[in-house]
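The structure appears below as structure tokens.
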Amino acid sequence: MPRVLVIDDDPTVTSVLKRGLAYEGYTVDTAEAGAKGLTIARDRAPDLVILDVMMPGIDGFEVLKRLRNADETLPVLMLTARDAPTDQVKGLESGADDYIVKPFTFAVLAAHVKALLRRREIEHPEVLRFADLSLDTGTRRARRGNRDIDLTSTEYEVLRQFLLHPRRVLPKHFLMDRVWGYDVEGSSNVLEVYVKQLRKKLEAAGELRLIHTFRGTGYALREP
């Protein structure tokens, strides 16, 4: 799961973001000061940083500079009450990838986080793995052991969600929202059809089942 690091001296903000982002499927670390945030980033490399500007000790701009020195590709979203255009320009010119002003709406912030991570995935593709299954997000090809598996674009998106959230029971509405952008109600059996197609391809050579059904709840990618 993508790891998000929140650096903000406001405990209310860090609490809201940790709870909300965890619900969205992210692993979340928090720090109440810049120095602690830099230590966490060094020890547990994040996939994205949400960074306040006005903090005691090392301010957000200095933290951003040090993060950039360590990893030029790390997505950084600045979250601050400083809403003047000059502050926003300074943040972006200092190397921030995005800038959101407090007070903020969590749904909007979550959409920005998702977009930044998607952009990084396109620019820096990775290989997602679980058991003997792998999915190359650059070539969009899957493998089961030494066997290549051709996927349609939708099959790829469904399988990617399972690999991003291994072992978790994913509700049908969650998968529908992530893959198609709408809730499962009234959508017939489209999700069931794609899960069935994925199982057929993943088990074509007699392999054990990885995508399991939890009746009345959803599906989970788990070991046989």
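The values are calculated or read from the model by the stated rules, or taken from the named source; none is laboratory data. Every value quoted in this text rests on a predicted model; they were computed, and no experiment measured them. All Cβ positions, even for glycine, are placed from backbone atoms using ideal geometry, and neighbour counts span all protein chains on display. Each accessible area value is taken on the protein alone, full model and side chains, heavy atoms only, with ligands, DNA and RNA left out. Shrake-Rupley method; radii C 1.70, N 1.55, O 1.52, S 1.80 Å.
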Inset, instruction - Would you check the chain for Lys pairs whose C-alpha atoms are within less than 20 Å, ignoring same-chain pairs closer than 8 in sequence, and give me the count? - result: 10
Legend entry - Residue-level accessible surface for R118, protein heavy atoms, 1.4 Å, Å²: 120
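Given the chain, what percent of its DSSP beta bridges are antiparallel, to the nearest 5? The partial results should precede the final answer.
Numbers: 17 of 33 bridges.
So the antiparallel bridges amount to about 50 percent of the total.
Determine the dipole magnitude for the range 1-120: charges of +1 sit on the beta-carbon of Lys and Arg, -1 on that of Asp and Glu, nothing else is charged, the reference point is the Cα centre, and the result goes in debye to the nearest 20. Walk me through the numbers before you get to the answer.
Details: 16 positive and 18 negative charges, 73 e Å.
About 340 debye.
Between V101 and R209, how high is the FRET efficiency from 1/(1 + (r/R0)^6) when r is the Cβ-Cβ distance and R₀ = 30 Å? Nearest 0.05.
Working: r = 48 Å, r/R0 = 1.59.
E between V101 and R209, to the nearest 0.05, is 0.05.
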Inset, instruction - Rounded to whole Å and sorted largest first, list the principal axis extents of the Cα atoms in the chain. - result: 59, 38, 26
Legend entry - Value at 222 nm in deg cm²/dmol, rounded to 500, when DSSP H runs of n ≥ 4 in the chain each add -39,500 (n - 2.57): -13000 deg cm²/dmol
Legend entry - Accessible solvent surface per residue of the chain, calculated while the other protein chains remain in place, 1.4 angstrom probe, Å²: 52
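Based on the mean of other Cβ atoms within 10 Å per residue, sort peptides 45-54, 140-149 so the most packed one is first.
Values: 45-54: 22.0, 140-149: 14.4.
Packing proxy ranking, top to bottom: 45-54, 140-149.
Once you order the gyration tensor axes a ≥ b ≥ c over the Cα atoms, which shape class does the range 1-112 get: rounded for a/c under 1.5, otherwise prolate or oblate by comparing a/b with b/c? Mind showing how you got there, number by number?
Values: a/c = 1.38, a/b = 1.09, b/c = 1.26.
Since a/c stays below 1.5, the shape of the range 1-112 is classed as rounded.
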Inset, instruction - Could you tell me how many degrees, from 0 to 90 and to the nearest 10, lie between the Cα long axis of helix 60-70 and the main elongation axis, the longest principal axis, of the Cα atoms of the chain? - result: 50
Inset, instruction - Roll a 1.4 Å probe over the protein heavy atoms and report the accessible area of H112 in Å², nearest 10. - result: 60
Legend entry - Dipole magnitude of the chain about its Cα centre (Cβ charges: Lys, Arg +1; Asp, Glu -1), debye to nearest 20: 960
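Using heavy-atom solvent-accessible surface (probe 1.4 Å) with all chains present, what is the largest-first order of M78, M1? Walk me through the numbers before you get to the answer.
Details: M78 0, M1 110 Å².
Descending order: M1, M78.
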Legend entry - Sites L92 and R3, calculated FRET efficiency, Cβ-Cβ separation with R0 22 Å, nearest 0.05: 0.40
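Report, to the nearest whole %, how much of the accessible area of the chain belongs to carbon and sulfur atoms, 1.4 Å probe, protein only. Before the final figure, lay out each step's value.
Details: 5800 of 11630 Å².
Solvent-exposed carbon and sulfur of the chain make up 50 percent of the total.
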Inset, instruction - Could I have the simple spin-label model distance between E72 and E192, label points 7 Å from Cα toward Cβ, reported in nm to one decimal? - result: 5.2
